[in-house]
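Have a look at the structure below, then the notes.
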Amino acid sequence: MTFFNNPPRSSMSLRVLARLLGYPDTALRSNLAELRKALHDERALPQQRLAELDALINSLERAAPLDAEADYVEVFDRGRATSLHLFEHVHGDSRDRGPAMIDLAQTYEKAGLFLAEGEMPDFLPVVLEFTSTQPPREAREFLAEMAHIFNAIFSALQQRGSAYACVLGALLELAGEKAQPVQVAAEEPIDAVWEEPVVFDGCSSKGQSRPDQPQPIHIVRKGRPVEGAQA
């Protein structure tokens, strides 16, 4: 119980994990060696997890810049199951998402942290940056509240065979939880979800053919006017 009552300091590891979940631009790739060293120096994570994170960092170092960026977009921006916007997993598109965003942003502001223009408060790297400023016990408790979301993302990343899964596994360990694969519901690709219907594409389900198919013509005999009716 001593470990849970007095969790190790993990502020540097949280910041590194936040960076690893960010877009792999030139700035990130140029600092990978320093990020690796920071993880090993703090020793907040077990050796096996550090080895997995080393493998991820190595893959980012070896990959061509465009390939690393394309992989990131494919993993995190093309489906809700792996979205790094946490309220996407909690509120979806409901009206509750807006107030939750405001509450979280106010939590940051009370701690003296203010978002840059365009930053979303529920974006996981932002959440981790905030968590890294908290005392060890509060940081662990805050992470534990989100453990079920981390586990869902972890499982979705594992299902895709993504090396980024180890980052979510590390977060679960820092939260005092165990990474456990859960069932991930199948979902349509993000492009299909947002795809708009083709304009004037016909509506065959209602009996009308498509524009490139023969259109039936129905001739209806005009009835005789009713006697006594006025034009």
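The values are calculated or read from the model by the stated rules, or taken from the named source; none is laboratory data. Please read all numbers here as calculations on a predicted model, not as lab measurements. Don't worry about glycine lacking a Cβ; one is built from the backbone with ideal geometry, like all the others, and counts go over all protein chains shown. When the accessible area is computed, the model is the full protein with side chains, heavy atoms only, and any ligands, DNA or RNA have been set aside. Shrake-Rupley method; radii C 1.70, N 1.55, O 1.52, S 1.80 Å.
Mind checking the dipole of segment 35-98: about its Cα centre, +1 per Lys or Arg Cβ, -1 per Asp or Glu Cβ, Debye to the nearest 20?
Around 200 debye, computed over segment 35-98.
³J(HN,Hα) across segment 105-122 via Karplus (A = 6.51, B = -1.76, C = 1.60, θ = phi - 60°), whole Hz, x for Gly/Pro?
Karplus values, whole Hz, x for Gly and Pro: 4, 5, 4, 5, 5, 5, 8, x, 10, 10, 6, 6, 4, x, 7, 9, x, 8.
Rank these by accessible area, largest first, 1.4 Å probe: E52, E117.
Greatest to least solvent exposure: E117, E52.
Averaging sequence separations of C-alpha pairs under 8 Å and six or more residues apart, then dividing by the length of segment 89-163, give the relative contact order as a whole percent.
Relative contact order here is 18 percent.
Keeping every protein chain in place, order F142, F154 by accessible area at 1.4 Å, biggest value first, i.e. largest first.
Sorted descending by solvent-accessible area, the residues read F142, F154.
Rounded to the nearest 10 Å², what accessible area does I153 have for a 1.4 Å probe in the complete protein model?
For I153, the solvent-accessible surface is approximately 0 Å².
Run the 1.4 Å probe and let me know the accessible area of F76, rounded to the nearest 10 Å².
Roll a 1.4 Å probe over it and F76 shows about 10 Å².
Give me the accessible area of D96, 1.4 Å probe, in Å² rounded to the nearest 10.
Around 90 Å² of this residue is reachable by solvent.
Which sequence of K37, K110, K178 reflects their accessible areas, 1.4 Å probe, from the largest down?
Reading off the accessible areas and sorting them downward yields K110, K178, K37.
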